[in-house]
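Accompanying notes for the structure given below.
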Amino acid sequence: MQPNSRHFQANAESALREPNLQSALKQLESGFVAGRQRCYDALPEFEALRDRAKEVLDHTLDNLDAYLLEYEARVLESGGLVHWAGTPEEAREIVIRICRDAEAKNVIRGKSMIGEEIGINDALEASGFEVTETDLGEYILQLGKEPPSHIVAPAIHKTKDEISDLFLEHHRDLGFTKRQTERSALVNEARQVLREKFLAADVGMTGANFLIAETGSNVIVTNEGNGDLSSTLPRVQIVTAAIDKVVPTLEDASLLLRLLGRSATGQEITAYTTFTTGPRRERDADGPGEYHVVLIDNHRSEMLGSELRPMLRCIRCGACMNHCPVYGRVGGHAYGWVYPGPMGSVLTPLMVGLDEAGHLPNACTLNGRCETVCPVKIPLPNLLRSLRSRQHLQRQNSSLARIALSLWSWVALRPRLYQLLTRPAMTLLARLGASSGGFRNMPFASGWTRVRDLPAPQGSTFQARWQQQQRDRK
Amino acid sequence: MVSTENIHSADSPHVGLFVTCLVDLYRPSVGFAAVKLLEQAGCRVTVPRAQTCCGQPAFNSGDDRHARQLALQVLDAFEEFDYVVGPSASCLGTIRCHYPEMFADDAALLPRIEALSAKSHELVSFLVDVLGVETVEAGFDHCVTYHDSCSALRELGIKSQPRKLLASVSGLELNELQGTDICCGFGGTFCVKYPEISGRMAADKVNAAEASGADTLLAGDLGCLLNLAGKMRREGKPTRVYHIAEVLANMADCKSIGEGDD
């Protein structure tokens with residue numbers, strides 16, 4: 001998808017005025033946040049698991065090249081193929097080539113964020129393939145021609161009414177002429193439509209929650225079982241995965257699985273956790289005839305070699321966005337690309353450029369709630385601060401802010417001058433604001449006074465009063 | 001440099017008061033309340049003149065050069081004291097948690113910076129955790145609610161300490177705020193760069209304060225307090241806003257933040 005992050009401010013402001021979105025976002029605290037807390041309280045070793053997970057992933061990243069090669073060797077042994085893609089363009093070309101070689105017509109997809117990242121749906125459709133998303137949320141968005149707004153619950157911004165309308169519009173020709181309004185009836189209708197798609201598919205595409213180096217397996221977690229159908233029914237399976245998905249052992253994957261569901265949705269484990277290894281073997285009852293893995297870099301090796309390496313520990317649980325007060329007010333679309341919230345505010349600038357996504361590292365209060373809940377202890381506020389440093393060094397932040405802050409620092413580094421200037425300024429401000437107690441408008445502070453008053457100061461500064469008091473005592 | 005050495009003996013802990021720029025400029029009464037609380041707890045308090053800002057605005061804006069220069073100014077002004085204490089978790093969190101990050105690559109300065117960080121404390125947690133203060137001599141006949149600042153809660157682990165001291169204020173009743181671990185929307189320069197988002201966050205907090213049934217909102221950080229007091233005024237809410245130090249020092253007889261004459 002085309003990034004739209006440079007319009008974050010305008011996107012956010014319209015999101016704040018969108019009543020359906022606002023009521024959907026209000027559910028985050030009572031749903032995902034409370035659910036995670038219940039899991040946290042019920043698992044005494046939660047903190048120890050976080051420490052262990054961080055350790056495992058740091059070790060993996062320190063040896064990423066070796067584990068990727070080990071993973072590749074195991075996939076080849078199991079009869080699969082591994083394709084390496086440096087960029088989204090390369091990844092798209094590889095996928096399209098596999099589909100063409102298989103003389104495929106219909107492609108079904110299990111939900112994956114890497115698929116969004118490389119824009120695979122549009123590319124496949126442009127090449128003449130029929131693509132169907134099989135995750136219910138993603139399917140709804142495909143009908144509505146919208147990007148996901150959350151990495152775990154992609155259609156979290158959609159109301160039931162909107163979905164009823166979309167289904168009626170798109171399923172009418174398939175014989176579903178009644179507008180369904182009950183949740184279960186809507187799910188049932190989607191199930192019937194999607195069942196046909198599953199059976200007709202030539203290629204099934206999934207992402208990977210983890211890739212396991214010691215076995216060459218990929219792991220996906222879903223709550224609908226659509227991932228299993230996508231990977232077992234079609235004759236060709238394509239796994240698209242980023243290079244940071246690899247973990248050394250099955251044991252490591254199960255450690256991370258214990259954290260993933262709990263952190264994401266407040267589930268001890270998702271309804272389906274599926275391990276697949278290679279294509280169908282001779283004695284297997286089912287499974288694909290061809291098994292391909294496309295390993296995608298897309299700037300991750302640059303991150304590996306920079307101070308942003310901890311971001312590569314991310315297991316895409318979405319806890320950071322569920323707990324983010326900014327995401328909770330503006331929703332995912334405001335961020336303007338695939339990954340929203342705190343993790344997206346780190347990833348997006350790295351993947352689409354700090355020029356395009358310059359707002360994102362700044363649209364954060366550095367309140368740190370995300371870091372507290374991150375299951376793999378990514379220091380998200382510090383990473384966002386690092387991006388701000390990059391912006392500052394590359395002079396990519398607003399020049400007005402730069403000048404104001406430099407001026408403040410320059411004066412603050414000269415305490416005598418600072419005290420000379422601030423004392424009369426605060427005295428004047430206090431006098432002007434004394435009767436009303438504050439200001440509704442303040443020149444040079446319109447960002448403040450647009451939404452709140454500026455309280456008046458008490459009068460002279462503390463330093464001036466304190467020194468006076470000390471002199472009086474003598 | 002002026003101090004109150006005459007009041008205390010030489011072996012009482014010598015505290016350098018880090019006033020913080022917002023208290024210095026906006027709310028000197030909080031500084032005086034801090035001095036009173038520290039002296040009551042047996043400290044010798046000095047207010048170095050050569051202090052202004054801890055450097056957090058520069059640090060959080062990616063201006064690492066100025067942030068380091070300001071950190072060195074703090075180091076020079078405060079290195080001599082037994083403790084550095086200030087009425088703000090945000091500023092003291094910067095000194096305690098982020099100064100060592102700023103000098104991580106500077107082997108020559110890092111030990112001095114780490115020593116400074118280790119002895120720097122937010123006021124209320126210093127009173128409770130370091131000095132073992134359990135009660136204060138104060139009265140405040142109001143129902144209050146307490147806003148935890150993010151830096152207090154998550155950088156410095158301050159949650160029980162203010163509540164412990166508030167419980168000893170006679171006449172004071174505490175009603176907890178719903179969603180007290182959620183940011184109020186101040187966020188330093190965030191609040192002026194993204195006013196609409198910040199304003200919505202502040203509005204939610206103001207509404208939660210009203211829903212708590214309290215007539216007064218307290219917090220330990222002036223950034224949050226100015227944001228929330230400003231939003232209360234804009235929304236026409238009657239809730240009054242004070243810094244917790246003013247209440248603990250029995251000095252909340254002055255006008256509340258943003259309160260006018262009328």
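All of (1) within 30 Å of B:Phe59 (Cα to Cα); (2) in contact (Cβ under 8 Å) with a residue 60 or more places away in the chain hold for B:Asp215 with one exception: (1).
Determine whether segment A:27-35 contains at least one residue that is touching a Gly at 6+ places or on another chain (Cβ under 9 Å) and β-branched (Val, Ile, Thr). Scanning segment A:27-35, I find at least one residue that is touching a Gly at 6+ places or on another chain (Cβ under 9 Å) and β-branched (Val, Ile, Thr), so the answer is yes. Of all residues in segment A:37-51, at least one satisfies being of a type in the set (S, T, N, Q) and within 21 Å of the chain's Cα centre (by Cα).
Collect the residues in segment B:188-203 that are free of Cβ contacts under 8 Å to residues at least 12 places away in the same chain and not basic (Lys, Arg), keeping them in residue-number order. Hits for segment B:188-203 are B:Phe190, B:Val192, B:Tyr194, B:Pro195, B:Glu196. Do you know which of the residues in segment B:1-22 that are touching a strand residue (DSSP E or B) at 6+ places or on another chain (Cβ under 8 Å) and modelled with pLDDT of 95 or more is nearest to the other protein chains (Cβ to nearest Cβ)? Once the filter is applied, the top-ranked residue is B:Val19.
Take the conditions assigned by TED's automatic domain parsing to the domain that holds A:Leu250, in contact (Cβ under 8 Å) with a residue 60 or more places away in the chain and either assigned to a strand (DSSP E or B) or under 21 Å from A:His333 (Cα atoms) (or both) and apply them to A:Leu25. Does it pass?
Yes.
Please work out which one of (1) away from chain B (no Cβ under 14 Å); (2) free of Cβ contacts under 8 Å to residues at least 40 places away in the same chain is the condition A:Arg38 fails and give its number. For A:Arg38, the failing item is (2). When the residues of segment B:185-204 are filtered to those that are modelled with pLDDT of 95 or more and not in a helix (DSSP H, G or I), which remaining residue is nearest to the other protein chains (Cβ to nearest Cβ)? Going through the qualifying residues, I end up with B:Gly187. Report the residue count in segment A:408-459 for those that are more than 7 Å from chain B (Cβ to nearest Cβ), surrounded by 14 or more Cβ atoms within 10 Å (Cβ to Cβ) and not aliphatic (A, V, I, L, M). Looking only at that region, the number is 8.
This table checks each residue for (1) within 18 Å of the chain's Cα centre (by Cα); (2) among the aromatic types (Phe, Trp, Tyr).
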{"position": "B:Phe18", "(1), (2)": "yes, yes"}
{"position": "B:Val35", "(1), (2)": "yes, no"}
{"position": "B:Leu38", "(1), (2)": "yes, no"}
{"position": "B:Gly42", "(1), (2)": "no, no"}
{"position": "B:Arg49", "(1), (2)": "no, no"}
{"position": "B:Ala67", "(1), (2)": "no, no"}
{"position": "B:Val74", "(1), (2)": "yes, no"}
{"position": "B:Ile95", "(1), (2)": "yes, no"}
{"position": "B:Ile113", "(1), (2)": "no, no"}
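Counting the residues of segment B:43-95 that are within 11 Å of chain A (Cβ to nearest Cβ), within 26 Å of A:Gln470 (Cα to Cα) and among the β-branched types (Val, Ile, Thr) gives 5. Which one is farthest from B:Phe32 (Cα to Cα), of the residues in segment B:214-244 that are away from every other protein chain (no Cβ under 11 Å) and among the hydrophobic types (A, V, I, L, M, F, W, C)? Here the answer is B:Ala214. It is to be established whether one or more residues within segment A:56-79 are in contact with a Ser or Thr (Cβ under 7 Å, 6 or more places away or on another chain) and of a type outside the set (Phe, Trp, Tyr). The answer is yes; a qualifying residue exists.
Condition check ((1) within 14 Å of A:Ile118 (Cβ to Cβ); (2) at pLDDT 95 or above; (3) assigned by TED's automatic domain parsing to the domain that holds A:Leu233; (4) not acidic (Asp, Glu)) across all residues:
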| position | (1), (2), (3), (4) |
| --- | --- |
| A:Asp65 | no, yes, yes, no |
| A:Glu77 | no, yes, yes, no |
| A:Leu81 | no, yes, yes, yes |
| A:Glu89 | yes, yes, yes, no |
| A:Ile94 | yes, yes, yes, yes |
| A:Arg100 | no, yes, yes, yes |
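Residue pairs whose Cβ atoms lie under 8 Å apart, sitting 6 or more positions apart in sequence or on different chains, and linking a residue in segment A:419-438 that is closer than 30 Å to B:Pro238 by Cβ to a partner that is assigned to a helix (DSSP H, G or I) and not aliphatic (A, V, I, L, M), are A:Met426/B:Tyr26; A:Gly437/B:Arg233; A:Gly438/B:Gly230; A:Gly438/B:Arg233. Checking segment B:94-104 against the condition returns a match, with at least one residue being crowded, with 24+ Cβ neighbours inside 10 Å and either more than 19 Å from B:Gly220 (Cβ to Cβ) or modelled with pLDDT under 95 (or both). The listed residues are A:Ala208, A:Ala155, and the only one of them that is in contact with a helix residue (DSSP H, G or I) (Cβ under 6 Å, 6 or more places away or on another chain) and either aromatic (Phe, Trp, Tyr) or over 30 Å from A:Val56 (Cα atoms) (or both) turns out to be A:Ala155. For segment A:1-56, which residues satisfy the criterion of being modelled with pLDDT under 95, surrounded by fewer than 17 Cβ atoms within 10 Å (Cβ to Cβ) and among the aliphatic types (A, V, I, L, M)? Within segment A:1-56, A:Met1 is the sole residue that qualifies.
Considering only helices (runs of 4 or more DSSP H) fully contained in segment A:363-461, which possess at least 3 residues that are at pLDDT 95 or above? Ranges flagged: A:369-373, A:380-393, A:399-412, A:415-433. The condition of being under 14 Å from B:Ser120 (Cβ atoms) and free of Cβ contacts under 8 Å to residues at least 40 places away in the same chain holds for B:Glu79. Among the residues making up segment A:113-143, those that are part of a loop (DSSP other than H, G, I, E, B) and touching a residue at least 24 places away in the same chain (Cβ under 8 Å) are A:Ile118, A:Gly119, A:Ser127, A:Phe129, A:Thr134, A:Asp135.
The values are calculated or read from the model by the stated rules, or taken from the named source; none is laboratory data. Just so we're clear, the structure is a prediction, and the values are computed from it rather than from any experiment. Glycine gets a Cβ as well: all are built from the backbone with ideal geometry, and neighbour counts include every protein chain shown.
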